[in-house]
1. Look at the stretch 132-155 and say how many of its residues are part of a loop (DSSP other than H, G, I, E, B) and either touching a Gly at 6+ places or on another chain (Cβ under 7 Å) or under 15 Å from Gly85 (Cβ atoms) (or both).
2. In the stretch 1-25, how many residues are open to solvent by less than 100 Å² (accessible area, probe 1.4 Å), at pLDDT below 65 and hydrophobic (A, V, I, L, M, F, W, C)?
3. Among Ala143, Ala154, Ala52, which is among the small types (Gly, Ala, Ser), farther than 30 Å from Glu32 by Cα and surrounded by 19 or more Cβ atoms within 10 Å (Cβ to Cβ)?
4. When the residues of the stretch 72-88 are narrowed to those that are free of Cβ contacts under 8 Å to residues at least 60 places away in the same chain and more than 13 Å from the chain's Cα centre (by Cα), which ends up surrounded by the most Cβ atoms within 10 Å (Cβ to Cβ)?
5. Under the condition of being in contact (Cβ under 8 Å) with a residue 40 or more places away in the chain and not aromatic (Phe, Trp, Tyr), which residue from the stretch 129-140 is most open to solvent (accessible area, probe 1.4 Å)?
6. Exactly one condition in (1) open to solvent by less than 80 Å² (accessible area, probe 1.4 Å); (2) modelled with pLDDT under 95 is not met by Arg119; state its number.
7. Looking at the stretch 110-127 only, could you name the residues that are free of Cβ contacts under 8 Å to residues at least 12 places away in the same chain and not basic (Lys, Arg)?
8. What about Ala62, is it modelled with pLDDT under 95, closer than 14 Å to Leu149 by Cα and open to solvent by 40 Å² or more (accessible area, probe 1.4 Å)?
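The values are calculated or read from the model by the stated rules, or taken from the named source; none is laboratory data. Note that this is a predicted model, so its numbers are computed, not measured. Cβ coordinates were reconstructed from backbone atoms using ideal geometry, including for glycine residues, and neighbour counts include every protein chain displayed. Areas reflect the complete protein model, heavy atoms only, side chains present, ligands, DNA and RNA absent. Shrake-Rupley method; radii C 1.70, N 1.55, O 1.52, S 1.80 Å.
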Amino acid sequence: MNRSRFWSAAFLALVATACGPSAEEIEEARQEEVRMARADSVVEAEALYDPAAFDTVSWAVADSAISRGQIVFLYSCRRCHGSSGRGDGDLALEHELAMPDLTVDEWEYDGDVEGIRHRIFVGHESEMPNWGLHGLKPRDIDAVAKYILGRLRAE
């Protein structure tokens with residue numbers, strides 16, 4: 001390669017680098033893609049959500065639902081919401097995620113088992129997974145809702 005071609009190639013590489021997106025722009029675009037994918041998943045989960053799916057869930061003893069709900073909560077929810085439901089789970093703290101405190105007096109789902117089931121199934125565009133699409137059956141969702149209301153909020 002002669003000297004003239006070398007400098008032309010070097011100049012073009014420099015211009016391409018200078019004109020390309022910055023690392024910050026690439027990260028912002030990636031975050032927007034993730035947000036859009038989450039929004040799409042919420043829409044999909046919303047379309048599949050059927051409150052009648054919980055009509056067949058029954059518990060021999062009310063405490064059975066709370067016991068099962070505790071197991072499911074600790075396995076599926078604790079990393080974000082924390083063991084006590086205060087939004088201080090390891091994953092939330094590590095990634096600086098703003099998780100709601102499920103135990104505050106003015107919590108929007110206080111006393112609303114149907115609302116909690118819906119939120120768990122559908123998830124949220126922010127960081128809340130749509131558990132109805134990704135692994136939890138209606139029985140487990142019902143159990144977690146009853147655990148949150150009957151144990152976490154009662155403490």
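1. Filtering the stretch 132-155 down to residues part of a loop (DSSP other than H, G, I, E, B) leaves 132-137, 153-155.
Subset that is either touching a Gly at 6+ places or on another chain (Cβ under 7 Å) or under 15 Å from Gly85 (Cβ atoms) (or both): 153-155.
So the answer is 3.
2. Residues flagged as open to solvent by less than 100 Å² (accessible area, probe 1.4 Å), at pLDDT below 65 and hydrophobic (A, V, I, L, M, F, W, C) within the stretch 1-25 amount to 6.
3. Values: Ala154 fails: surrounded by 19 or more Cβ atoms within 10 Å (Cβ to Cβ); Ala52 fails: surrounded by 19 or more Cβ atoms within 10 Å (Cβ to Cβ).
Only one candidate qualifies: Ala143.
4. As a first pass, look at the stretch 72-88 and keep what is free of Cβ contacts under 8 Å to residues at least 60 places away in the same chain: 74-75, 78-83, 86-88.
Imposing the further condition that a residue be more than 13 Å from the chain's Cα centre (by Cα) reduces the set to 74-75, 82-83, 86, 88.
On the way: Leu74: 12, Tyr75: 13, Gly82: 21, Ser83: 15, Arg86: 16, Asp88: 14.
Restricting to residues being free of Cβ contacts under 8 Å to residues at least 60 places away in the same chain and more than 13 Å from the chain's Cα centre (by Cα), the top hit is Gly82.
5. Filtering first and then ranking leaves Arg139.
6. Result: Arg119 fails condition (2) only.
7. Filtering the stretch 110-127 down to residues free of Cβ contacts under 8 Å to residues at least 12 places away in the same chain leaves 112, 115, 119.
Residues satisfying the conditions are Asp112, Gly115.
8. Taking the combined requirement at face value, the residue satisfies it.
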